[in-house]
Amino acid sequence: MKKMKLITIILLLHCCLMNAQLSFEDRIAIFFKARSEKINKENLGAVYDAIYDMTLEFKSINKAKYVTESLKGNKIYNKTLLSTALNEKGLLSFKQNATLELETDSLQNFIVLKSSLPLYREEADAVNSVSISIKENKLLEKNKGKVNINKNHTANFGTFRDYTKVNEVEKEQTYKTIEIKNSIGSTTGPLTGSVVYEVKILTAYPSIKLGKSDFGKSFLLNNKKITLINATNNIIIVDGIQMDENIDITAINLDKKENVIKSPSTGRYPIYKDLYDIYTKNPNLTKEQLKKELPLEKLQKMKVNGCYYAIVNDFPFKNNFILFSRVYGISKDIEVKM
């Protein structure tokens, strides 16, 4: 069985924020939820360390050799997606096969959604072809109190083949298996009730080709107005995405011949506009200069001016690049009982 695992936790600016002595909760709040007011005298030194490490990340350049493929051969960019009828058939199968189980280990309890749906062709973007999130929690403990569910989850994907005979002819069907695991608060006794999941199917890849001549220009991507600010080393900076918006943007890096530079990992994260503007004015900013530019009072007010978004690739953006998004155009609310 082919198996892939996706851990849907936020990557904290690669590893730089992990080096700072900040609690996990404070890192998330300050750098990913724009709650700059949580910066205080007690964590100020650690915040400066984290910001300075971030500036070093901006300056780092990956000089390793890279592998390319033709743009026409890129399976995601040239993906032919399934018809509406087949996608709706897949959602129906997912609903029919869905189960919800309680799992425990020595540290935590989990609820695990398990299901499967038929695959009609090889998936080029298997991890992202289905999006699943909790829409409503109706799960109850033994004392009828509501179960506390952590909405961040881990997802496991796999495949299996099923063989059936129709008129003495054996037919093969491949299925995609999906497991969604959410941790829950400490609980005793059996659980009752249900969880409503929103299950969405990937239906389109809107995209736009951009380059250095487009810095400062605005464009529409997935019906969202976005402004291209800059492309520095392996990071693209865009404006127009709000902190609480669930919009997926990824970059395809191109070489001079418009071939795709293969990148094993990509990602994106918010960055305060105040921080980015200071960095662009002085890329060689020292930690002491940083402290003078951004004393505690200014740090605490960074959320006022908002955030850009940094889109990251393994290799520098030296030529044109393609920004694309994923559209989940078919969705269904599926209620699964314990």
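The values are calculated or read from the model by the stated rules, or taken from the named source; none is laboratory data. Bear in mind the structure is a predicted one, so any value in this text is a computation, not a measurement. Note that we place each Cβ from the backbone using ideal geometry, even for glycine, and neighbour counts take in every protein chain shown. Keep in mind that these areas ignore ligands, DNA and RNA; they rest on the heavy atoms of the full protein, side chains included. Shrake-Rupley method; radii C 1.70, N 1.55, O 1.52, S 1.80 Å.
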Within region 197-218, of all residues that are of a type in the set (V, I, T) and open to solvent by 30 Å² or more (accessible area, probe 1.4 Å), the one farthest from I134 (Cα to Cα) is I208
When region 158-190 is checked residue by residue, the ones that are in contact with an Asp or Glu (Cβ under 8 Å, 6 or more places away or on another chain), open to solvent by less than 70 Å² (accessible area, probe 1.4 Å) and either farther than 27 Å from V127 by Cβ or among the aromatic types (F, W, Y) (or both) are T164, Y175, T187, G189
*Report yes if L81 is assigned to a loop (DSSP other than H, G, I, E, B) and closer than 28 Å to S325 by Cβ, otherwise no.*
yes
Checked region 25-67 for anything of a type in the set (V, I, T) and buried (at least 16 other Cβ atoms within 10 Å of the Cβ); matches are I28, I30, I39, V47, I51, T55
Wholly inside region 104-211, strands (runs of 3 or more DSSP E) that include 3 or more residues that are touching a residue at least 12 places away in the same chain (Cβ under 8 Å) and within 17 Å of the chain's Cα centre (by Cα) are 130-140, 149-166, 169-184, 192-201
